[in-house]
Amino acid sequence: MPEPTVSLANAKAHLSELAERAAAGESILITKRGKAVVRLSSATAPRKPIDANALRAVTDTQHKSIDETFIRRMRDDARY
């Protein structure tokens, strides 16, 4: 899909709309006299959704290295 191109004059007139589109992940090329001068894009990368099944598969294979009785004693200790 080609990158949307907007003239500098049109970008000035519709900056708020272009900023919202860029924040949503779209990249917009701004031109001056037909030549590309600026690329408008989001400051942060869009977040990818977490695949719960893949996360569960990773955490299920991890070895438990915490001694649960030690944690329980720390919790129940009067000094804690």
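A short reminder: the numbers here are calculations on the coordinates, not readings from a lab. Here the structure is a predicted model, which is why all the values come from computation and not from measurement. A quick note on method: Cβ atoms are made from the backbone with ideal geometry, for glycine too, and the neighbour counts reach across all protein chains shown.
From the list (1) -0.61; (2) -0.68; (3) -0.33, can you say which value of log10 I(q)/I(0) by the Debye sum over Cα atoms at q = 0.13 Å⁻¹ was derived from the structure given? Correct label is (1).
Candidate cross-link partners of Lys32 among the lysines, defined by an alpha-carbon separation under 20 Å and a same-chain spacing of 8 or more, comprise Lys12. For Ile30, the residues 5 or more places off, or on other chains, whose built amide H falls under 5 Å of its own are Val6, Val37, Val38, Arg39, Leu40.
With the charge dipole of the chain set up from +1 on Lys and Arg Cβ and -1 on Asp and Glu Cβ about the Cα centre, the Cα lying farthest toward the positive end among the listed residues Ala36, Thr5, Ile50 is that of Ala36. For the chain, relative contact order (Cα pairs under 8 Å, six or more residues apart, normalised by length) works out to 21 percent. Over the chain, DSSP H runs of length four or greater, each weighted -39,500 (n - 2.57), average out per residue to a 222 nm ellipticity of -11500 deg cm²/dmol. Evaluated with a Cβ-only charge set (Lys, Arg +1; Asp, Glu -1), the chain carries a dipole of roughly 400 debye about its Cα centre, given to the nearest 20.
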